[in-house]
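Please treat every number below as a calculation from the coordinates, not as lab data. Every value quoted in this text rests on a predicted model; they were computed, and no experiment measured them. So basically every Cβ, Gly included, is an ideal-geometry build from the backbone, and we count neighbours across all protein chains shown.
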Amino acid sequence: MNNVQKNGKRHQSKVTATPFSDKELEYFKQLILEKRQEATEEIERLQAQLSTRENETAEGDSPYSFHMADAASDSTDRERAYMMIERQKKLIGYLDRALERIYNKTYGICRVTGKPINKERLEAIPHTEISIEAKLQSKR
C-alpha cells in the first residue's frame, strides 16, 4: 500500500486493484456463491408456501376458516412472504455485483474511500462495497 506525505501527515492513497490474492478471492467467491444459493432456496421455499396457500384458497380446501381475523392474518402472512422474497432478490443482486468485482479484480475496495475493506468485514458481509470507516462517516 502506498502512503503519501501530505501536510506532514501520512495518508493512504486510493487502491484500484483488489488487495486480495487469487486464493483469497476464490475463498470469497465460494462464500458469496453459498450465500446466493441460500437466498435462492429461501425464495423457492417462500414461493412454494405462497403457491400452496393460494391453491388451497382457490380450491376451497383451505384449513383456515373464513373469519375476518383469519383472513387478515393470512393477508399479513402473504405480505410478509412477498417482502421476504423481494429482500432475498435484492441480496442476490448485491451478491452478483460482488461476484463481478471479484472477476474484475476490484473486490474489497471501498467505493467511498478507495481503501481496502477489512477482511473480517467482508467475511461477515461479503457483498459490502464500503468499509467500516465509510459506514461510520455516513452515519454522522
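Worth pointing out:
- For the peptides 17-23, 107-113, the ranking by mean Cβ contacts within 10 Å, running from highest to lowest, is 107-113, 17-23.
- Annotation: lysines with alpha-carbon distance below 18 angstrom to Lys23 (same-chain offsets under eight excluded): Lys105, Lys119.
- Per-peptide packing, taken as the mean over residues of other Cβ atoms within 10 Å, places 115-122, 78-85 in the sequence 115-122, 78-85 from highest down.
- Under 19 Å from the Ala17 label point (7 Å along Cα→beta-carbon), backbone N, segment 97-139: 100-111, 114-117
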